[in-house]
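Inspection log for the structure reproduced underneath, given as structure tokens.
The values are calculated or read from the model by the stated rules, or taken from the named source; none is laboratory data. On a predicted model such as this, the values are computed, not experimentally measured, just so you know. No Cβ is skipped: glycine too gets one built from the backbone with ideal geometry, and neighbour counts run over all protein chains shown.
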Amino acid sequence: MTSKQKKGIIIMAVGLILLLNSTNLFQINIWGIVFRYWPLLLIYKAIKEFYEHNNWSSGNYILLGIGIVFLGKNLGFLDFFKFSYIWPIIIIIIGFNMLQSKDSGALSKKGDFSTTAIFSGVEVRNTSKDFQKASILALFGGCDVDLKMAEMTSNDISEIDVTVLFGGTEIFLPKEWNVEVKGMPLLGGIGNDTYYSESNKKTLVVNAFVMFGGLDIKN
């Protein structure tokens, strides 16, 4: 089953539940469920980055922490925790991340890299001759990732995992790569303005999670 078919099934299921609710044949507070459990999306995304892509950046810890706090508050487990605590904690983590991070504008030649922008802007240019995968996180910030000079050598398909929350990300790619976007924006947008050609032998798969933000992919 393709990613598009899975999205179609989810959308049809939501529509069916709303229809049954409107006819009083079946009553379920779907919006209450969504507003209560939406932080699970943040937790899932952070855990996926940790264990599938070995991305242990502080940005993912923040993502996981925000998800846990909001879920706990929604379920009544963290009533003692005040939302006013969140921002000082995030600022401390951002400062720690700045002490460890390299220059965001530096040229990278790694075939596997990650970049994080939290309340800031990051520009990354990658010229790897054997690009394989990358991870991008924009949280209340923006990322510009330039891969126009990168190449795929040992593989025909590479992946980029993109998480955008209250921010924006732009990815620039070679015209020799076809692009396949997997992901569903939640109150956000994903734009793919790249060229497609059947003669291209290389494909980049973009796994995107965009919430209250935007992702633009272009040549």
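Quick one: which of 123, 49 is modelled with pLDDT of 75 or more and surrounded by 11 or more Cβ atoms within 10 Å (Cβ to Cβ)? Steps first, answer last, please.
On the way: 49 fails: modelled with pLDDT of 75 or more.
Only one candidate passes the filter, namely 123.
Filter segment 8-40 down to the residues that are in a helix (DSSP H, G or I) and among the polar types (S, T, N, Q), then identify the one that is surrounded by the fewest Cβ atoms within 10 Å (Cβ to Cβ).
First, pick out the residues of segment 8-40 that are in a helix (DSSP H, G or I): 8-22, 30-37, 39-40.
Retained after the next criterion (residues that are among the polar types (S, T, N, Q)): 21-22.
On the way: 21: 15, 22: 9.
Filtering segment 8-40 for residues that are in a helix (DSSP H, G or I) and among the polar types (S, T, N, Q), the one surrounded by the fewest Cβ atoms within 10 Å (Cβ to Cβ) comes out as 22.
Condition first: closer than 26 Å to residue 120 by Cβ and in a strand (DSSP E or B). Can you find one or more residues in segment 176-186 that meet it? Give the derivation first.
So in segment 176-186, the residues closer than 26 Å to residue 120 by Cβ come out as 181, 183, 185-186.
When the remaining residues are screened for being in a strand (DSSP E or B), the result is 181, 186.
Checking segment 176-186: at least one residue is closer than 26 Å to residue 120 by Cβ and in a strand (DSSP E or B).
Per-residue answers, yes or no, for (1) at pLDDT 90 or above; (2) under 11 Å from residue 136 (Cβ atoms); (3) under 17 Å from the mean Cα position of the chain (by Cα):
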position	(1), (2), (3)
166	no, no, yes
169	yes, yes, yes
175	yes, no, no
178	yes, no, no
181	yes, no, yes
191	yes, no, yes
204	yes, no, yes
215	yes, yes, yes
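Filter segment 52-70 down to residues that are under 11 Å from the mean Cα position of the chain (by Cα) and at pLDDT below 75, then give me how many there are.
1
Can you tell me how many residues in segment 123-160 are in a strand (DSSP E or B), out of contact with any His (no Cβ under 6 Å at 6 or more places or on another chain) and not hydrophobic (A, V, I, L, M, F, W, C)?
Residues in segment 123-160 being in a strand (DSSP E or B), out of contact with any His (no Cβ under 6 Å at 6 or more places or on another chain) and not hydrophobic (A, V, I, L, M, F, W, C): 9 in total.
Failed condition for residue 129, given (1) within 22 Å of residue 50 (Cβ to Cβ); (2) at pLDDT 85 or above; (3) basic (Lys, Arg), with all others met?
(1)
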